[in-house]
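Below: one structure, written as structure tokens.
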Amino acid sequence: MRPDATILAFDTSAAHCAAALLSGETVLAQREEPMAKGQAERLIPLLEEVLADAALTWRDLDALAVGTGPGNFTGVRIAVSAARGLALGLGIPAIGVTTLDARAFGLPRPLVVAEDARRGEFYVRTYGPDTPARLTDTIPDGPRLPPLHPLAEAIARQARMQGAGPRPAPFYLRGADAAPPSDPPPRILDVG
């Protein structure tokens with residue numbers, strides 16, 4: 001990816017709707033709104049507002065970057081599906097970035113990144129030796145530093161560094177809370 005690429009990044013993996021517009025090293029605009037619900041309805045208008053803040057249009061973008069989780073099951077799916085649909089319509093790449101990688105962006109290694117997973121658990125990844133992300137009820141010992149950038153900006157910066165790859169996909173460390181319905185399936189009647 002070009003060093004001066006214009007990237008629109010966004011994330012809805014937690015109780016927020018966040019977006020940032022990055023051109024090269026310059027943040028052109030960014031917004032983050034806390035919200036427990038309503039990300040699906042708010043995301044596209046928020047992205048249009050961020051573009052308008054920078055006096056740009058969708059056609060000025062070189063790439064999209066999206067937070068792929070871990071996080072809220074529905075929230076992750078909202079952002080990932082929006083990124084994939086917009087990328088297809090605009091003919092530009094969509095780059096998926098885990099929120100753990102975004103939080104670690106630009107920080108010295110070794111490093112432990114922990115995100116609240118609720119229910120007394122944490123999403124944790126240790127950066128240094130090759131260790132996978134995991135769900136745990138404790139945070140391991142190790143250096144802990146605050147992120148260098150707001151989340152959406154860090155997603156854009158990480159995406160520029162890693163470049164385009166496969167289509168973004170949700171990154172889950174916990175199974176969905178939804179259970180299949182307990183009612184029997186409907187019976188199909190033969191009307192012929």
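222 nm [θ] for the chain, helices only, -39500 (n - 2.57) per DSSP H run of 4+, per residue, to 500?
-8500 deg cm²/dmol
Give me Rg/Rg_expected for the stretch 55-115, where Rg uses Cα atoms only and Rg_expected = 2.2 N^0.38 Å with N residues.
Computed over Cα atoms of the stretch 55-115, the ratio equals 1.32.
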List, largest first, the extents of the alpha carbons of the stretch 1-70 along their principal axes, each in whole Å.
35, 25, 17
Would you compute the Debye intensity of the chain from its alpha-carbon atoms alone, equal scatterers and no solvent, and pass along log10 I(q)/I(0) at q = 0.14, 0.17 Å⁻¹ to two decimals?
-0.77, -1.07
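Give me the one-decimal Kirkwood hydrodynamic radius in Å for the stretch 72-157, with the sum taken over alpha-carbon pairs.
Working: mean 1/r = 0.0699 Å⁻¹.
When all Cα pairs of the stretch 72-157 are included, the Kirkwood radius is 14.3 Å.
So if each residue of separation counts as 0.36 nm, and I subtract the Cα-Cα distance between ARG118 and LEU135, what length gain in nm does that give? List each step's numbers first, then the result.
Working: separation 17, 0.36 × 17 = 6.12 nm, distance 1.06 nm.
Separation in residues times 0.36 nm, less the Cα-Cα distance, equals 5.1 nm.
Please report the antiparallel percentage of the DSSP beta bridges confined to the chain, to the nearest 5.
Details: 24 of 32 bridges.
The antiparallel proportion sits near 75 percent.
Only the coordinates and a few stated rules stand behind these numbers; no lab work does. Owing to the predicted nature of the structure, the values given are computational and were not obtained by experimental measurement.
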